[in-house]
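Scroll down for the structure; my scribbles are underneath it.
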């Protein structure tokens, strides 16, 4: 993952009212912390940062142009409004070149299992340790042609060179099961109202 340059400004006002004013000005309130330094309260350009997250994922590494210098930062937490879906706040972690960080990355399932199967994805992310500038955007797992009974665990995933698994290797990621028959589904539907009657 390549680093992205982004202009940042120091924030001098704090609190909900100040955060609203920052967002009205087309910026996102952010906090930069790490390496034992005092947290820095920043404002990031909203449109540019949203584009970075869209193109590079939520583990984007930013080179922040700040106070005439620059800081390397990992996007740690992005908080979005639950209804309006705009970015409300960002937490950034100060990192150094060559430093290893622990992050969650998405697991993407590709391919089609054999017919007559039902695929369930038990985990949508895994935790890995990687160099800050070489965090994979995602890891793919293929279920192409897999038959019922197949289980894929975290330790089975293929990770890029230099990336190590931090999630328990035995953690179940994907299971391929035999699809229930129409008769089984009808039986479950018939049993559900009977259970509800017994409980009431």
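The values are calculated or read from the model by the stated rules, or taken from the named source; none is laboratory data. Predicted, not measured: the structure shown is a model, and the values here were computed from it. Reconstructed Cβ throughout: ideal geometry from the backbone, glycine too, with neighbour counts over all protein chains shown.
Being on the phi < 0 side of the Ramachandran plot, modelled with pLDDT under 85 and in contact with a strand residue (DSSP E or B) (Cβ under 7 Å, 6 or more places away or on another chain) is the requirement here; does residue 63 meet it? Judged against the criteria, residue 63 is not a match.
Sort through 39, 29 and tell me the only one that's touching a strand residue (DSSP E or B) at 6+ places or on another chain (Cβ under 9 Å), over 22 Å from residue 137 (Cβ atoms) and either surrounded by 18 or more Cβ atoms within 10 Å (Cβ to Cβ) or modelled with pLDDT of 90 or more (or both).
Of 39, 29, the one residue that is touching a strand residue (DSSP E or B) at 6+ places or on another chain (Cβ under 9 Å), over 22 Å from residue 137 (Cβ atoms) and either surrounded by 18 or more Cβ atoms within 10 Å (Cβ to Cβ) or modelled with pLDDT of 90 or more (or both) is 29.
Scanning segment 39-69 for residues that are touching a residue at least 24 places away in the same chain (Cβ under 8 Å) and assigned to a strand (DSSP E or B) yields 40, 41, 42, 43, 44, 45, 61, 62, 63, 64, 65, 66. Mind listing whichever residues of segment 4-28 are in a strand (DSSP E or B) and within 14 Å of residue 41 (Cα to Cα)? Those that are in a strand (DSSP E or B) and within 14 Å of residue 41 (Cα to Cα): 7, 9, 10, 27, 28.
Given the options 160, 136, name the one that is surrounded by 14 or more Cβ atoms within 10 Å (Cβ to Cβ), closer than 30 Å to residue 97 by Cβ and either within 21 Å of the chain's Cα centre (by Cα) or in the same structural domain as residue 75 (by TED's automatic domain parsing) (or both). Quick ask: steps written out before the conclusion?
Working: 160 fails: surrounded by 14 or more Cβ atoms within 10 Å (Cβ to Cβ).
The conditions single out 136.
Taken over segment 1-44, the residue count meeting the criterion of being in contact with a helix residue (DSSP H, G or I) (Cβ under 8 Å, 6 or more places away or on another chain) and over 20 Å from residue 95 (Cβ atoms) is 7. If you check residue 78 against the conditions, is it assigned to a strand (DSSP E or B), closer than 20 Å to residue 138 by Cβ and within 19 Å of the chain's Cα centre (by Cα)? Yes; evaluated as a whole, the condition is true for this residue. How do the pairs read when you match residues in segment 10-26 that are modelled with pLDDT of 75 or more with residues anywhere that are in a loop (DSSP other than H, G, I, E, B) and surrounded by 15 or more Cβ atoms within 10 Å (Cβ to Cβ), using Cβ under 7 Å and keeping only pairs 6 or more apart or on different chains? Once the first residue is modelled with pLDDT of 75 or more and sits in segment 10-26, its partners that are in a loop (DSSP other than H, G, I, E, B) and surrounded by 15 or more Cβ atoms within 10 Å (Cβ to Cβ) give 22/11.
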